[in-house]
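Down below is the structure, laid out as structure tokens.
Every read-out reported here was derived from the displayed coordinates using simple, explicitly stated rules and does not represent laboratory data. All values reported here derive from a predicted model rather than from experimental measurement. When we count neighbours, we look across all protein chains shown, and the Cβ atoms used for this are built from the backbone with ideal geometry, even at glycine.
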Amino acid sequence: MTAPDPLRALAEARPDPAVEHRIAEGAMARAMAPRRPVWPLLAAAAAAAGVALWWGSRAQPTLPTLPEIRVATGVRYQVTQGADAAFQVARESQDQTVVELSSGTATFAVEPLPPGGEFAVETPHGRVEVVGTRFSVTVEARCTRVDVAEGTVRVRREADAFLVPAGQSRSICKGGLEGEAVIRAALDDLAAGRVDAGRGRLEGYLVEQPRGLFAEDALFHLALLARREGDAAGARLAIDRFLARFPTGHRADRLRALRPAP
Amino acid sequence: MAIDPELFDRCRRADALAWRRLYRDYAGRVFRWAVLRGLRAMEAEDAAQEVLAIAYRRIGQCAAAGAFDTWLYQITRRVVANARRKVWWRRVFAVERVPEPAFVDGPGPELELAVRACLARLPADQAEVLLLADVEGYTREEVADMIGRPPGTVASRLRLGREAFRGLWADLRPDGAASPLAVEEP
């Protein structure tokens, strides 16, 4: 029998998918995060450069940057791109305009659409459809935030869709309803005493995303909930369920301390 | 597996969707490099995040898709070296805990830990060449590019590394089970 070759077998070695997921999400968050200055000298140099620029600009005042205006066939809209926006028109036809925003912020002012007309912004996390409005879309590492100034937009992610009226904001996150937003909503439910609703959200997340980025949070809060409800057997079960997946760390230590004796 | 040139071009244009795909493709590999270069799983996870974030910021310095793996590995080398420096006290005061398995797919926890233990006892330059040539399957010329040494030096380190590894493996597993270098040298 041929002996295995572990060194080469390690070429196929991969971490838990949840670890890969955390690496990818963490890297994206770090990549998109504003960088901190490393040397105070840099700050001093920047300040000196700023003074120099200000001094130079006194004699020759600059004009404010005008927003870029694009006119699509059948759909008129105006877009102001943030400096960090990565923005492009993905599809444009007689009655449809779809723009793709992969990072940064862009603000749109869209005239009322003609019958059958469509204007949408696609981001890595979902799709924002215009009903005739002015709104901003900001792509962050995990979520896309939509701030609506006028009118209404429809935010869609896969099968989920909801309307966001003027004056409101809404985030669509990677993992959509089963992502960070679900955990937050569940915690809100629990804090407000809507225990069954909160538990339902957490369990629902674990069913849909058993290896999801927030599985640890869901399992942890379910364990705390079981402990709080005073059901010793249920609490042991929930705590063991957490420890089986996440045996180390401060949460594991805390749950071990809380685990009821048999 | 080299990066898809189209994906590389999109990443150079700061396309966030392309970066998300690249991160998904490379997260496991960078993590594996970091673990086999001596980091614990938690440290390797943090290092892998840092490597991929640096890659995002400096992709303009990578000349071509064909050079991406080499370039990414060189970032990994620096980040891992920094991470290891941060835990210098562990080596100095010999407070190493028994390491935990880092992988779920692979040769199994026992063999994984045995291989990692042997790699950790090798001189770092030999372990690095074994990682790249014998684990990752890069050619000697590719390894030479990755570590910035001539191919002759790589061949020499590979030979010495394999010999040393065999000795360590025999000490660690005197039953001779599953010698990691049982195959003939190419």
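Some values worked out for this structure:
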{"item": "Size of electric dipole in the range B:1-102: Cβ of Lys, Arg +1 and of Asp, Glu -1, about Cα centre, debye, nearest 20", "result": "380"}
{"item": "Kirkwood hydrodynamic radius of chain B, Cα pairs, Å", "result": "17.5"}
{"item": "Kyte-Doolittle mean at least 1.0, axial Cα span of 24 Å or more - DSSP H helices of chain B", "result": "none"}
{"item": "By average C-beta atoms within 10 angstrom, highest first, the peptides A:216-228, A:237-249, B:40-52, A:144-156", "result": "B:40-52, A:216-228, A:144-156, A:237-249"}
{"item": "Simple spin-label estimate for A:ALA149 and A:GLN168 in nanometres, 7 Å along Cα-Cβ", "result": "2.0"}
{"item": "Packing rank of B:72-79, A:186-193, where each peptide gets the mean count of other beta carbons within 10 Å, highest leading", "result": "B:72-79, A:186-193"}
{"item": "FRET efficiency, 1/(1 + (r/R0)^6) with R0 30 Å, evaluated for B:LEU172 and A:PHE246 via beta carbons", "result": "0.50"}
